[in-house]
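Working notes for the structure below.
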Amino acid sequence: MPETALPFIPFALPDIGDDEIAEVVDTLRSGWITTGPKTRRFEEDFTAYLGDPSVHSMAVNSATAGLHLALEALGIGPGDEVITTTHTFTATAEVVRYLGADVVLVDIDPATLCIDVAAVEAAITPRTKAVIPVHYAGLAADMAALLPLARRHGLKVVEDAAHALPTTCGGQLVGTLGSDVTVFSFYANKTMTTGEGGMVVTRDAAIAKRVQVMRLHGINRDAFDRFTAKAPSWYYEIVAPGFKYNLTDIASAMGIHQLRRSRGFQATRAAIAARYDAAFADLPLITPPQPAPGDTHAWHLYVLRLADGAKLTRDGLIDGLYAAGIGCSVHYIPLHLQPYWRERYALTPERFPHSQHAYERMLSLPLYTRMDDGQIERVIAAVRALLG
Ligand SMILES: *Cc1c(COP(=O)(O)O)cnc(C)c1O
């Protein structure tokens, strides 16, 4: 335990209100707890939230499942290559391997910590089929450069938007930028949560149909259709060996209300980030990259990097914060350092200098809507005391 009498400030906490709880209870009492009317409503609300009726929103039980379904629907398979950033969670890349295709990891742009579009271009081969940008920490990747590059080379684009609700890029919400598929996460520590869950969005009707079929065993109609449709309810057809990736109505009940609160969550997170920025401006730290003027950063993470000349190492700073009763994390240990990825593709840190440099100096501070003033001030005071 930390050597402090003060209560521990965890790295992350969900913000579940009375409306979420009442809706979950209503679901539990309703007799329909798996995918059904609440999930349908959550999906409709999500499309309305994105503000584009041509977007199909499909709820799934995780973003990992959603990324898998997206690549499956795009026909990714053995012999194909998919390019993504080394500076991400393993889920972004592992789904490529589920399908027997190969992952090509590239470095980040040190200014944004998002995928380096020039590195993507340099990594394209005749086998390349798709690119997966990650809107790291909630800041949009350089989609204005990436989308035209992908179009020129005939590549599909699947956005890993696990951090990016709500994020805008060129004034447009992530989810409406014109990639093939975008996938959001509602994991417990994300900007909104359903405990576990995700949303797959696309404007392409054929991709939407395939995702809908494959998320529930390859059945041509989902269980709710069978329950409500006029046709005899026992009849269904299996058209593919699908997966079990549907979201429950219990989870969607939470999602309906979390989504309503999402803009308010973003405003609270942005205000905490701005307080941190101001408080750390004179310290040997690189504060997080800012969005382009007029754009929205979702502020899923507040990532600091130690500047040269700081008197502590990253590990020393994390230990000091922990001793002060403050939880931190590191996003991420780059994939090129993880044994599976390193060994499969014979990767070395020299090939990813910007990701490696950032990783060695970075930590993520607590940033969530339930932080109170006293907690924010304690984090600020502890960082200043350790580095000042
Ligand atoms: C959380 C996360 C995922 C996976 O989300 P789940 O909903 O937990 O499957 C994928 N990519 C990134 C970048 C994430 O942070």
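Dipole magnitude of segment 18-259 about its Cα centre, charges +1 at Lys/Arg Cβ and -1 at Asp/Glu Cβ only, in debye to the nearest 20? Intermediate results must be reported in sequence, preceding the final value.
Values: 19 positive and 28 negative charges, 156 e Å.
The calculated dipole for segment 18-259 is roughly 740 debye.
State which entries of LYS38/LYS129; LYS156/LYS190; LYS38/LYS156 exceed 28 angstrom in Cα-Cα distance in the structure shown.
Checking Cα-Cα distances, LYS38/LYS129; LYS38/LYS156 exceed 28 Å.
How much of the DSSP beta bridge set in the chain is antiparallel, as a percent to the nearest 5?
Of the beta bridges lying entirely in the chain, close to 55 percent run antiparallel.
Using 0.36 nm times the number of residues separating ASP372 and ALA145, minus their current alpha carbon distance, what extension gain do you get? Before the final figure, lay out the partial values.
On the way: separation 227, 0.36 × 227 = 81.72 nm, distance 3.91 nm.
Stretched out fully, the ASP372 to ALA145 stretch lengthens by 77.8 nm.
With a 1.4 Å probe and all protein chains kept in place, how do ARG41, ARG378 rank by accessible area, largest first?
Result of the area sort, largest leading: ARG41, ARG378.
Suppose every Lys and Arg Cβ carries +1 and every Asp and Glu Cβ carries -1, with no other charges. What dipole size does segment 293-388 come out with about its Cα centre, to the nearest 20 debye? Don't skip to the end; give the middle numbers.
On the way: 10 positive and 10 negative charges, 35 e Å.
Dipole of segment 293-388, to the nearest 20 debye: 160 debye.
Against the longest alpha carbon principal axis of the chain, how many degrees, from 0 to 90 and to the nearest 10, is the axis of helix 249-260 turned?
Long axis of 249-260 versus the principal axis of the chain: about 50 degrees.
Please give, to one decimal in nm, the separation of the simple spin-label points placed at LEU13 and ARG351, each 7 Å out from Cα toward the Cβ.
4.3 nm
With a sphere of radius 13 Å drawn around the Cβ of ALA123, what net charge do the other residues whose Cβ falls strictly inside it have (Lys, Arg +1; Asp, Glu -1)?
Numbers: positive: ARG127, LYS129, ARG351; negative: GLU81, ASP102, ASP107, ASP116, GLU121.
Charge balance in the 13 Å sphere: -2.
Among residues other than ARG370 whose Cβ falls under 13 Å from its Cβ, what is the net charge (Lys/Arg +1, Asp/Glu -1)?
My count for the surroundings of ARG370 gives -1.
Compute the long axis of helix 262-280 from its Cα atoms, compare it with the longest principal axis of the Cα atoms of the chain, and write down the angle in degrees, 0 to 90, nearest 10.
20 degrees
Could you work out the relative contact order of segment 65-216, using alpha carbon pairs under 8 angstrom and six or more residues apart, expressed as a whole percent?
Reported relative contact order: 20 percent.
Once the other residues with Cβ under 11 Å from the Cβ of ARG203 are scored (Lys, Arg +1; Asp, Glu -1), what is the net sum?
-3
Counting just the Cα atoms, what span does the chain cover along each of its three principal axes? Round to the nearest Å and put the largest first.
Result for the chain: principal-axis Cα extents of 71, 53, 39 Å.
Please list, short to long, the whole-number percent of alpha-carbon pairs of segment 116-257 in consecutive 5 angstrom bins beginning at zero.
2, 9, 15, 17, 18, 15, 11, 7, 4, 2, 0, 0
May I ask for the angle, rounded to the nearest 10°, between helix 143-153 and the longest principal axis of the chain, with both axes built from Cα atoms and the value confined to 0 to 90°?
The angle comes out at about 50 degrees.
Assign unit charges at the C-beta atoms only (+1 for Lys and Arg, -1 for Asp and Glu), then state the dipole size of segment 170-313 relative to its Cα centre in Debye, rounded to the nearest 20.
Approximately 320 debye in magnitude.
Quick one: if you stick a label point 7 Å off each Cα along the C-beta vector at ARG275 and LYS311, how many nm between them?
In this crude spin-label approximation the distance works out to 2.6 nm.
Enumerate the aspartates and glutamates that LYS209 could reach by cross-link, defined here as Cα to Cα under 13 Å, with residues fewer than 8 away along the same chain left out.
GLU72, ASP222
The values are calculated or read from the model by the stated rules, or taken from the named source; none is laboratory data. These numbers were taken from a predicted model, which means no experiment stands behind them. Every residue, glycine among them, receives a Cβ derived from its backbone with ideal geometry; neighbour counts consider all protein chains shown. In case anyone asks, the SASA skips ligands and DNA or RNA and just uses the protein heavy atoms, side chains included. Shrake-Rupley method; radii C 1.70, N 1.55, O 1.52, S 1.80 Å.
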